[in-house]
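The block underneath contains the structure these notes are about, expressed in structure tokens.
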Amino acid sequence: QVQLVESGGGLVQPGGSLTPPCAAPGFSFSYYDMAWYPQATGKQREFVARISSGWIPNYADSVEGRFTISRDNGIRTVVLQMDSLRPEDTAVYYCNAESTDYWGQGTQVTVSS
């Protein structure tokens, strides 16, 4: 049973930062592209960031220059560094091993003053 575990969400003021990790113990992590998909209330999950198995990142236009995705294959973790947060970034953030049905349970990020 593959399990992805997100953590590190919370409440932050506009302009603040959060760095949620996603851990994937017992998973052939290094072979997969990994991505983050936030889901705001009443909306579908939307892609924001991906890092390939070859360490190449790419981002949605809405977060380019504000978010940075990284991975550590040794500890099977992908991290989303989120800076200059905006109220519209508020969502549950899900981690996904792309091309699979492996998803975490999500971590809530709320940006509000």
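The values are calculated or read from the model by the stated rules, or taken from the named source; none is laboratory data. Since the model is a prediction, treat every value here as computed from it, not as a measurement. Glycine gets a Cβ as well: all are built from the backbone with ideal geometry, and neighbour counts include every protein chain shown. Surface accessibility is based on the protein's heavy atoms, side chains included, excluding ligands, DNA and RNA. Shrake-Rupley method; radii C 1.70, N 1.55, O 1.52, S 1.80 Å.
Out of curiosity, is residue 53 within 18 Å of residue 111 (Cα to Cα), surrounded by fewer than 17 Cβ atoms within 10 Å (Cβ to Cβ) and modelled with pLDDT of 95 or more? Criteria not met by residue 53. Of the numbered criteria (1) more than 14 Å from residue 98 (Cβ to Cβ); (2) in contact with a Ser or Thr (Cβ under 7 Å, 6 or more places away or on another chain); (3) open to solvent by less than 20 Å² (accessible area, probe 1.4 Å), the one residue 21 fails is (3). Among the residues of the stretch 96-113, the ones that are of a type in the set (Ser, Thr, Tyr) and within 19 Å of residue 86 (Cβ to Cβ) come to 4 in all. Counting the residues of the stretch 33-49 that are in contact with a Ser or Thr (Cβ under 6 Å, 6 or more places away or on another chain) and part of a strand (DSSP E or B) gives 0.
Please find, among 30, 113, 70, 99, the residue that is outside any strand (DSSP E or B), among the hydroxyl-bearing types (Ser, Thr, Tyr) and either free of Cβ contacts under 8 Å to residues at least 60 places away in the same chain or surrounded by 12 or more Cβ atoms within 10 Å (Cβ to Cβ) (or both).
Testing whether each residue is outside any strand (DSSP E or B), among the hydroxyl-bearing types (Ser, Thr, Tyr) and either free of Cβ contacts under 8 Å to residues at least 60 places away in the same chain or surrounded by 12 or more Cβ atoms within 10 Å (Cβ to Cβ) (or both) leaves just 30.
Looking across the stretch 1-18, the residues that are within 11 Å of residue 95 (Cα to Cα) and either open to solvent by less than 40 Å² (accessible area, probe 1.4 Å) or assigned to a loop (DSSP other than H, G, I, E, B) (or both) come down to 3, 4, 6, 7.
Considering only the stretch 75-95, I want to know if a residue exists there that is of a type outside the set (S, T, N, Q), in a strand (DSSP E or B) and over 22 Å from residue 111 (Cβ atoms). No, every residue in the stretch 75-95 fails to be of a type outside the set (S, T, N, Q), in a strand (DSSP E or B) and over 22 Å from residue 111 (Cβ atoms). Residue 43 meets all of the listed conditions (1) touching a Phe, Trp or Tyr at 6+ places or on another chain (Cβ under 8 Å); (2) at pLDDT 95 or above; (3) open to solvent by 70 Å² or more (accessible area, probe 1.4 Å) but one, namely (1).
Could you please let me know if residue 76 is basic (Lys, Arg) and either under 13 Å from the mean Cα position of the chain (by Cα) or loosely packed, with under 14 Cβ neighbours inside 10 Å (or both)? Don't jump to the end; show me each part of the working.
On the way: basic (Lys, Arg): yes; either under 13 Å from the mean Cα position of the chain (by Cα) or loosely packed, with under 14 Cβ neighbours inside 10 Å (or both): no.
No: the conditions fail for residue 76.
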